[in-house]
Amino acid sequence: MNNISIVKASEEDAEAIIKYLNVVGGESNNLLFGENEFYMTVEEEQNLIRNLKSSLSSIMLLGKDNGNIVSIGSLSGFRSKRSSHRGEIALSVKKDYWNKGIGSAMMKELIQFGKEVVKLSVIQLTVKVDNESAIHVYKKFGFKQIGYYEKFFYIDGKYFDACLMNLYFDETNLSKEDKDKAL
Ligand SMILES: CC(C)(COP(=O)(O)OP(=O)(O)OC[C@H]1O[C@@H](n2cnc3c(N)ncnc32)[C@H](O)[C@@H]1OP(=O)(O)O)[C@@H](O)C(=O)NCCC(=O)NCCS
């Protein structure tokens, strides 16, 4: 983790981001795209990054080793007033760099941005049920499993379920009775 810098994505990173995602997609079955299945063009990625730069509620961070992207993490806020208290995290680390603390360092920065800058009440994410290392990292940061999304992934002709996990920064006001009703 020593040589890894965590920086905000900028437009010049667009091409490298697409290349990275097309590789990382093939390194596990844990993302919503496989190898070479990340279909954005460089121009679309540049536009996305430009919009993120002016956004007050979303951020894309890159973990870099010697200038090369080895991790991408994003926190995306929602525009509508009624959802503006929530944000959603997505995270990946290049396989050669797993288990070196990079995913955790990225999560720390994303959560700090959500909590202290955006002042969110909830951060949400979705993770494949058998993605043990990711679930371990999310639990370490206080995320709780709130439910399952059956058939969230469709990979090579098979369905896979996902866990929905939330991190709450303040107490929820949902009574046990309401929670039971919702399930
Ligand atoms: C999940 C992912 C982001 C984790 O990144 P990372 O840089 O390896 O994470 P870290 O090194 O910070 O932490 C990994 C932790 O998981 C633990 N771990 C590793 N394998 C594990 C397993 N099979 N079961 C439980 N814990 C495990 C490690 O011991 C470490 O624990 P610690 O923080 O208590 O020391 C990375 O593996 C990845 O990008 N995977 C592919 C894409 C993906 O799954 N993204 C998440 C989609 S929701």
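Remarks
- Computed FRET value (nearest 0.05) for Leu164 with Glu37, which takes r as the C-beta separation and R₀ as 22 Å: 0.40
- Per residue, the average separation of C-alpha pairs within less than 8 Å and at least 6 apart gives the chain a relative contact order of 16 percent.
- Ranking of His136, His85 by count of other Cβ atoms within 10 Å, fewest first: His136, His85
- Given in Å, the Rg to one decimal and the Dmax to the nearest whole number for the Cα atoms of the stretch 1-131 are 14.4, 41.
- The overall shape of the stretch 109-175 is prolate: from the C-alpha gyration tensor, with semi-axes ordered a ≥ b ≥ c, the ratio a/c is 1.5 or greater and a/b exceeds b/c.
- Axis of helix 14-24 versus longest Cα principal axis of the chain: the two differ by about 70°, to the nearest ten degrees.
- Residue with peak Gaussian network fluctuation, the chain [Cα springs, cutoff 10 Å], from Gly87, Gly157, Gly67: Gly157
- Compared with the dominant principal axis of the Cα atoms in the chain, helix 42-54 is inclined by about 50°.
- Label-to-label distance for Ser5 and Lys151 is 4.7 nm, based on points extended 7 Å past Cα in the beta-carbon direction.
No value in this document is a laboratory result; all are computed from the given coordinates. Just so you know, these numbers come straight off a predicted model, no measurement behind them. FYI the Cβ positions are ideal-geometry reconstructions off the backbone, even for glycines, and counts take in every protein chain you see.
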